[in-house]
Amino acid sequence: MISGEGREISGTEDDRDDDLIDLVYASLLGEADWNDFLDRLSARLPGGKTVFFFHDSVRNRGDLSLTSGLSEEALLAYAQHYSRINPWMAKASVRPIGLGVVSEQMLDRGDLVRTEFYGDFMRSIGAEAAVGVTIVRESGRSLLLSTLTDRADPNQNMAAAETLTRLAPHLRRAFRYYQTGPFQKALSDVGDHLFEETDIGLVVVGEGMTVKSVSAAAVRHIDGGEGIGITPTGRVALTDQDAARALQQMVDRLAEGPRVHSHVVAASGKMRKITLVRLNKDPIASFFEGPTVAILIEPAQGTRPPDLERATAAFNLTPAEIKVALALNRGISLRQAAAELGIAEGTARQQLKSIFRKTGTSRQSELIVWMRSLKPGR
């Protein structure tokens with residue numbers, strides 16, 4: 001078989017690429033593990049270490065989000081320092097979307113080996129070169145896939161770069177699926193279902209302050225000018241400056257913002273409580289989707305913590321389950337909740353499953369929304 005570039009490709013190599021493409025869709029549908037996909041790519045090159053990563057060329061910062069073969073120490077070092085001096089990123093920020101390349105196409109090896117990035121980072125992880133592809137680029141922010149290798153010869157690495165070119169359109173479809181997929185629809189449906197008979201509105205916001213979904217009650221609050229609005233470009237706008245700053249941090253991949261923020265505003269003669277909750281997601285969804293924040297809008301009068309006595313009676317929650325639910329209501333992870341409560345993570349997970357079953361929810365974001373809907377007398 002002859003490729004578009006005139007290079008002969010063996011049937012075996014084609015089959016291996018087809019297997020990787022199949023694995024993309026199997027991982028997307030939850031029938032396989034994305035880590036297996038990364039491991040398979042790593043095995044294609046000697047000393048291979050594969051990463052899905054994010055880079056913001058405006059702020060010159062990045063993060064190795066999902067990896068195969070790299071230690072936690074290397075990931076932290078890259079995020080804190082080496083992402084800022086990665087010499088390949090200048091060319092990567094303008095190279096064609098979906099085109100797999102070898103590292104020498106972005107920077108001559110003679111120049112690379114004189115950099116701090118090579119001497120202190122690449123050598124420390126046993127890497128001499130890389131292949132990479134840009135999957136998506138939007139407003140200076142790029143999602144990329146790269147495999148580092150201990151083989152320096154660009155001609156020998158070219159086949160792996162061509163594999164990335166063939167994978168790119170499928171990975172781009174995976175990215176779009178996560179951006180508009182079942183998580184966003186489920187969260188929107190939860191808001192409409194839980195709050196259909198209340199005056200509590202739910203707005204789901206993603207990266208760049210972009211509005212993903214708005215419940216019917218939220219539309220009423222927005223139309224009434226009650227502390228929140230949506231710009232003509234589809235971005236959320238909060239009148240309270242502290243809340244606006246908190247939200248900007250929450251939807252920023254690289255910021256260490258709060259997980260929960262609440263404030264009360266007076267607008268159009270009404271008092272409204274607006275609560276921001278950065279939702280916990282699995283690492284794969286976090287990488288492809290970026291951060292997601294739920295904004296809850298409700299009347300401020302009589303605002304109080306969830307009516308847990310009524311929840312205990314109506315839903316038969318145990319005291320231990322109430323403690324787990326309260327901890328998760330603050331937006332922390334299940335692991336953090338278990339540590340705070342002094343119980344094993346496996347125990348906390350079993351209690352969470354019981355809470356889900358009793359309350360009719362199926363994920364932490366739904367549980368938080370449910371808890372915040374609990375009012376006295378309901």
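A few remarks follow.
- Close pairs from segment 146-158: first over 21 Å from Ser124 (Cα atoms), partner in a strand (DSSP E or B), Cβ under 7 Å, at least 6 apart: Met158/Val102
- Number of positions in segment 67-85 that are of a type in the set (D, E, K, R) and either crowded, with 18+ Cβ neighbours inside 10 Å or touching a residue at least 12 places away in the same chain (Cβ under 8 Å) (or both): 1
- Near pairs, Cβ below 6 angstrom, 6+ apart or cross-chain, from segment 308-330 (within 20 Å of Arg259 (Cβ to Cβ) and at pLDDT 85 or above) to any residue that is polar (S, T, N, Q) and in a helix (DSSP H, G or I): Val324/Gln351
- Residues in segment 57-66 that are open to solvent by 10 Å² or more (accessible area, probe 1.4 Å) and within 14 Å of Arg141 (Cβ to Cβ): Ser57, Val58, Arg59, Asn60, Arg61, Asp63, Ser65.
- Residue ID - nearest to the chain's Cα centre (by Cα), chosen from residues in segment 143-157 that are surrounded by 15 or more Cβ atoms within 10 Å (Cβ to Cβ) and not aliphatic (A, V, I, L, M): Ser146
- Scanning segment 86-123 for residues that are touching a helix residue (DSSP H, G or I) at 6+ places or on another chain (Cβ under 7 Å) and either farther than 20 Å from Ala152 by Cα or open to solvent by 60 Å² or more (accessible area, probe 1.4 Å) (or both) yields a total of 2.
- Qualifying residue in segment 228-251 (condition: of a type in the set (Lys, Arg), at pLDDT below 80 and surrounded by fewer than 17 Cβ atoms within 10 Å (Cβ to Cβ)): no
- Listed conditions (1) in contact (Cβ under 8 Å) with a residue 12 or more places away in the chain; (2) closer than 16 Å to Ser142 by Cα; (3) among the β-branched types (Val, Ile, Thr) are all met by Val94, apart from (1).
- Where a residue in segment 285-298 is among the polar types (S, T, N, Q) and its partner, wherever it lies, is in a strand (DSSP E or B) and crowded, with 24+ Cβ neighbours inside 10 Å, with Cβ under 7 Å and at least six apart: Thr292/Val204
- Residue, nearest to the chain's Cα centre (by Cα), within segment 221-245, restricted to residues that are under 13 Å from Leu296 (Cα atoms) and in a helix (DSSP H, G or I): Ala243
- Some residue of segment 361-371 being open to solvent by 40 Å² or more (accessible area, probe 1.4 Å) and modelled with pLDDT under 80: yes
- In summary, helices (runs of 4 or more DSSP H) completely within segment 101-216 and bearing 3 or more residues that are modelled with pLDDT under 95 and in contact with a Leu (Cβ under 9 Å, 6 or more places away or on another chain) occur at 154-180, 182-195.
- Scanning segment 135-166 for residues that are in contact with a Phe, Trp or Tyr (Cβ under 9 Å, 6 or more places away or on another chain) and not hydroxyl-bearing (Ser, Thr, Tyr) turns up Ile135, Val136, Arg141, Leu143, Leu144, Leu145.
- Yes/no for Val293 being within 15 Å of the chain's Cα centre (by Cα), surrounded by 21 or more Cβ atoms within 10 Å (Cβ to Cβ) and modelled with pLDDT of 75 or more: yes
- Residues of segment 317-341 satisfying the condition of being over 20 Å from Thr275 (Cα atoms), within 19 Å of the chain's Cα centre (by Cα) and surrounded by 15 or more Cβ atoms within 10 Å (Cβ to Cβ): Leu334, Gln336
The values are calculated or read from the model by the stated rules, or taken from the named source; none is laboratory data. This one's a predicted model, so the numbers in the text were calculated from it and none came from an experiment. Here Cβ is always computed from backbone atoms with ideal geometry, including for glycine, and neighbour counts include all displayed protein chains. Surface accessibility is based on the protein's heavy atoms, side chains included, excluding ligands, DNA and RNA. Shrake-Rupley method; radii C 1.70, N 1.55, O 1.52, S 1.80 Å.
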